[in-house]
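One structure is given here, and the rest of the page talks about it.
The values are calculated or read from the model by the stated rules, or taken from the named source; none is laboratory data. Predicted model, so just to flag it, every value in this text is computed and none were measured. Don't worry about glycine lacking a Cβ; one is built from the backbone with ideal geometry, like all the others, and counts go over all protein chains shown. All accessible areas refer to the heavy atoms of the entire protein, side chains included, with ligands and DNA or RNA removed. Shrake-Rupley method; radii C 1.70, N 1.55, O 1.52, S 1.80 Å.
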Amino acid sequence: MDSIKEVKQLIPVSRETEERLETYIRLLRRWQPVQNLVAPATLDVLWRRHVADSVQTHLAVPDARRWLDLGSGAGFPGLVTAILLADQPGSVVHLVESNQRKAAFLRTVIRETGVPAQVHPGRIEDVTRNWRAPLDGISARALASLDVLCGHAHEFVMMGATAVFHKGRDYKRELEEAAHNWTLDLVKQPSQVDDEGRLLVINRIVARTFDESTA
């Protein structure tokens with residue numbers, strides 16, 4: 001049966017963390033009929049498909065305390081990261097979400113769990129324009145192609161942040177497409193919850209010049 005045991009197989013959690021995760025999922029189930037926060041077909045495997053999968057973001061860069069989560073949606077992985085960092089001083093997860101109703105859901109979870117997260121309602125390019133807050137990590141899951149994600153993240157990565165992007169079975173094709181526009185220094189980590197999935201952990205994103213991309 002799908003439960004928090006899926007998370008505990010990946011990382012030990014305190015009683016407080018477990019309670020926050022339970023509160024999060026309870027709220028998601030309550031809001032789901034109206035907001036359609038996750039695909040209905042995944043409701044029976046929420047813990048594995050969404051929560052445990054999201055835990056891998058934190059595990060990829062465990063020392064990161066200041067995150068920017070792009071296109072947060074229902075909060076995967078951003079809210080899960082915030083819950084795992086809730087007892088770490090100086091932690092904050094910035095959640096960027098353009099859908100106002102989903103942003104309202106994110107605020108509700110933050111209020112009910114007391115996690116160190118902030119919601120930034122708006123389009124990614126608008127929210128991140130002239131960004132000043134220091135960042136250790138950039139995350140995104142089920143949001144856009146790698147090529148597009150690199151466009152959003154490259155300035156932050158070049159300033160020292162590490163990007164962690166969840167990708168599915170088409171990750172090789174996305175890597176090939178992104179290579180036309182970007183030079184990447186990355187590690188492909190196998191997903192622990194999806195045999196076909198990968199976490200792309202990226203420490204360098206440099207835009208290619210026209211001559212380089214067509215050479």
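Which shape class, rounded, prolate or oblate, goes with segment 30-125 when its Cα gyration tensor gives a ≥ b ≥ c as root eigenvalues, a/c under 1.5 marks rounded, and past that a/b bigger than b/c marks prolate?
Note, shape of segment 30-125 comes out oblate.
Once a ≥ b ≥ c are taken as the square roots of the eigenvalues of the Cα gyration tensor of segment 1-66, is the result rounded (a/c under 1.5), prolate (a/b larger than b/c) or oblate (a/b not larger than b/c)? All intermediate terms of the calculation are to be shown ahead of the outcome.
Details: a/c = 1.74, a/b = 1.67, b/c = 1.04.
Verdict is prolate for segment 1-66.
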Cα-based Rg (one decimal) and Dmax (whole number) for segment 67-120, in Å?
9.8, 30
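Using r as the Cβ-Cβ distance of Gln35 and Asp126, and R0 as 25 Å, what FRET efficiency do you calculate, to the nearest 0.05?
Between Gln35 and Asp126 the formula returns 0.65.
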How large is the charge dipole for the chain, taken about the Cα centre, if only the Cβ atoms of Lys, Arg (+1) and Asp, Glu (-1) carry charge, to the nearest 20 debye?
560 debye
Counting all Cα-Cα pairs in the chain, those more than 32 Å apart amount in percent to 14 percent
How big is the dipole moment of segment 4-47 about its Cα centre under a simple scheme where the beta carbon of each Lys and Arg is +1, that of each Asp and Glu is -1, and everything else is neutral? Debye, nearest 20, please.
80 debye
The chain, helix-only ellipticity at 222 nm - DSSP H runs n ≥ 4, -39,500 (n - 2.57), divided by all residues, nearest 500
-11500 deg cm²/dmol
Just check segment 122-215 against the gyration tensor rule for me: Cα atoms, a ≥ b ≥ c as the square roots of the eigenvalues, rounded for a/c under 1.5, and otherwise prolate or oblate depending on whether a/b exceeds b/c.
oblate
Full-extension gain between Met158 and Ala144, please, as 0.36 nm times their residue separation minus the C-alpha to C-alpha distance.
3.0 nm
In nm, to one decimal, how far is the modelled label at Glu177 from the one at Glu22, with both set 7 Å along Cα→Cβ?
4.2 nm
Using bins 5 angstrom wide from zero, how does P(r) for segment 95-153 break down, in % of all Cα pairs?
4, 15, 25, 26, 21, 8, 2, 0
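Can you give the % of DSSP beta bridges in the chain that are antiparallel, to the nearest 5?
Around 45 percent of the beta bridges assigned by DSSP in the chain are antiparallel ones.
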Could you work out the local net charge near Pro33, counting Lys and Arg as +1, Asp and Glu as -1, over the other residues with Cβ closer than 14 Å to its Cβ?
+4
Using the Cα centre of segment 120-209 as origin and beta-carbon charges of +1 (Lys, Arg) and -1 (Asp, Glu), tell me which of Leu200, Thr128, Gly168 is placed farthest towards the positive end of the dipole.
Thr128
Just in segment 116-215: which trypsin sites (Lys or Arg not before Pro) are loop by DSSP and have at most 10 other Cβ atoms within 10 Å?
Arg129, Arg132
Any lysines whose Cα falls less than 29 Å from that of Lys8, other than same-chain ones fewer than 8 residues away, would be Lys102, Lys167, Lys188
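Ignoring ligands, DNA and RNA, please state the percent of accessible area on the chain from carbon and sulfur, probe 1.4 Å.
Values: 4960 of 10690 Å².
Percent of accessible area from carbon and sulfur atoms in the chain: 46.
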